[in-house]
Amino acid sequence: MTKATGHDLTIVDHPLIRHKLTLMRQKDTPSAQFRQLLREISLLLAYEVTRDLPLQDIEIETPLEKSVQKQLSGKKPCFVSIMRAGDGLLQGLLDLVPSARVGHVGLYRDHETLKPVQYYFKMPHSLDERHVLIVDPMLATGNSAAAAVSLVKEAGADKIRFLCLVAAPKGVETLRAAHPDVPIFSAALDDGLNEHGYITPGLGDVGDRLFGTK
Ligand code: URA
């Protein structure tokens, strides 16, 4: 079941997602299980976020007869990962749409200005003709997400969606204010942020938990 909270924020509410997210939130869940759960949830999220991708007719031949069926139309969709935690969401998406193109955005936070600074940017060609899905598990302050969307727009994209696992109200507000044309999809909307910018109750540092770093 999908809970629409407004035209620009969709909470993908499904018992399997809730159950798996609860396992991910628990601090003792080991990295291997955490990674696998994120992959499984991203499959379920991908199903919802790709629901209205455009289709076109194609004539095929079954073993019995010729038939007109549907296939995805236009250029392959593009998934854009905000490194490094975004890579954890990519695998499930690629399981579902193996032909998708993949872009990467690397951003770090400048300690003085607290603004995101770009250190890596690589996109497939013809972004203007593709449906683009930008992914980052945690929409916390929203600053990185808003910066990533700006960069992807500058590279030519104009059909953009944003997918996360957990959103904080502040992140939704920041992204919505900067890019009101970008719909946001999330598995959960949590309470808020702590003084270090972590989502509460959240699930901690996703990059560290995914890759076993600290
Ligand atoms: N990034 C994370 O990994 N976790 C948060 O809670 C916020 C940002």
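The values are calculated or read from the model by the stated rules, or taken from the named source; none is laboratory data. Predicted model, so just to flag it, every value in this text is computed and none were measured. Don't worry about glycine lacking a Cβ; one is built from the backbone with ideal geometry, like all the others, and counts go over all protein chains shown. In case anyone asks, the SASA skips ligands and DNA or RNA and just uses the protein heavy atoms, side chains included. Shrake-Rupley method; radii C 1.70, N 1.55, O 1.52, S 1.80 Å.
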Item checked: Hey, Val97 among the β-branched types (Val, Ile, Thr), open to solvent by 10 Å² or more (accessible area, probe 1.4 Å) and over 20 Å from Ala187 (Cβ atoms) or not -> no
Check: If you scan the range 54-89, which residues turn out to be part of a strand (DSSP E or B) and open to solvent by 100 Å² or more (accessible area, probe 1.4 Å)?
Finding: Leu55, Glu59, Glu61, Lys66, Lys70
Notebook entry, point to check: When the residues of the range 108-133 are filtered to those that are farther than 23 Å from Lys76 by Cα and assigned to a loop (DSSP other than H, G, I, E, B), which remaining residue is modelled with the highest pLDDT?
Noted result: Lys115
Checklist line | the range 165-184, residues that are crowded, with 22+ Cβ neighbours inside 10 Å and either of a type in the set (A, V, I, L, M) or touching a residue at least 60 places away in the same chain (Cβ under 8 Å) (or both) | finding: Leu165, Val166, Ala167, Ala168, Val172, Leu175, Ile184
